[in-house]
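Below is one structure, written out as structure tokens; the observations come after it.
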Amino acid sequence: MNSDLIAAIAIGFIGSGHCLVMCGGIVAALQLAMPNANLKRRLWLQFILSLGRLSTYSLFGAAVGYFGASAMQVAGGSMLWLRLIAGCLLIAMALYISKLWFGLLKLEQLGQGIWRHIQPLTKHCLPLDSTKKAYLYGLCWGWLPCGLVYSALSWSLVSGSASSGAMVMFAFGLGTLPAILLSGIAAQKLTQIKNNLTLRYITAFILACYGVYTIWLAAARLFI
């Protein structure tokens, strides 16, 4: 479990360049929705926003972790098969980030249907002038369709329990936190970061390597 948590943090951190592309604009806009707030207050509300987002991720992780454990018990199968799926999703995410293949868009499109119902709720949280509003907005933000989040959820799927699944997704969220907080502080640099193909390729390469390594470990135990 410790290795899974480390891997989840690493995936979140490595893939945080994708977070800047997906969520950076939202973070920058939310900074403008904090009227009459000094820098310290803005940083606090930004942290609470992310805490809400991580809470939603943890809820997802718990649900998926419980489902994965229950499914394997019913089927009498091995978690190693689910790890193969996790590795494949990491490779798919790498191809998506590098703009070589957009298959994960289909997953994001499925999430769009839910997001259309969640997004209107965020209007009740604006302006972000209180800790409560910031946390509630963050809870909604966690529902934003994102291929990287779905890839990370595959690790919750193989975690073995609801609590472990929640911990994996919380760890993943922690990995994304530096980039998201940075985007709120340095919003004017987001355009340059979004258009940096080198950052995309490096991130994609590392994720692909980790995906191949995950598949190799699972396949070695299953077939050798």
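Scan segment 149-163 residue by residue and report those that are more than 14 Å from Arg53 (Cα to Cα) and either of a type in the set (A, V, I, L, M, F, W, C) or outside any helix (DSSP H, G or I) (or both).
Hits for segment 149-163 are Ala152, Leu153, Trp155, Leu157, Val158, Ser159, Gly160, Ser161, Ala162.
With among the aromatic types (Phe, Trp, Tyr), farther than 21 Å from Cys23 by Cα and in contact with a helix residue (DSSP H, G or I) (Cβ under 7 Å, 6 or more places away or on another chain) as the only criterion, which of Trp141, Trp155, Trp101, Trp81 stands out?
When all the criteria are applied, what remains is Trp155.
Right, Ser154: over 30 Å from Ala33 (Cα atoms), among the small types (Gly, Ala, Ser), surrounded by fewer than 16 Cβ atoms within 10 Å (Cβ to Cβ) and modelled with pLDDT under 90 or not?
Judged against the criteria, Ser154 is not a match.
What pairs come up if the first residue lies in segment 33-56 and is free of Cβ contacts under 8 Å to residues at least 60 places away in the same chain, the second is surrounded by fewer than 20 Cβ atoms within 10 Å (Cβ to Cβ) and acidic (Asp, Glu), and their beta carbons are under 7 Å apart, counting only those six or more places apart or on different chains?
As it stands, the answer is none, since no pair meets every condition given.
Go through segment 104-130 and count every residue that is of a type in the set (Asp, Glu) and within 26 Å of Leu45 (Cα to Cα).
1
Kindly establish whether Trp115 is out of contact with any Lys or Arg (no Cβ under 7 Å at 6 or more places or on another chain) and either surrounded by fewer than 22 Cβ atoms within 10 Å (Cβ to Cβ) or not hydroxyl-bearing (Ser, Thr, Tyr) (or both).
Yes, satisfied.
Is one or more of the residues making up segment 81-100 in contact (Cβ under 8 Å) with a residue 12 or more places away in the chain, among the charged types (D, E, K, R) and loosely packed, with under 15 Cβ neighbours inside 10 Å?
The answer is yes, given that some residue of segment 81-100 is in contact (Cβ under 8 Å) with a residue 12 or more places away in the chain, among the charged types (D, E, K, R) and loosely packed, with under 15 Cβ neighbours inside 10 Å.
Conditions (1) of a type in the set (Phe, Trp, Tyr); (2) over 17 Å from the mean Cα position of the chain (by Cα); (3) part of a helix (DSSP H, G or I), marked per residue:
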position	(1), (2), (3)
Leu107	no, no, yes
His124	no, yes, yes
Leu136	no, yes, yes
Cys140	no, no, yes
Trp143	yes, no, no
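The values are calculated or read from the model by the stated rules, or taken from the named source; none is laboratory data. Note that this is a predicted model, so its numbers are computed, not measured. Note that each Cβ is placed from the backbone with ideal geometry, even for glycine, and that neighbours are counted across all protein chains shown.
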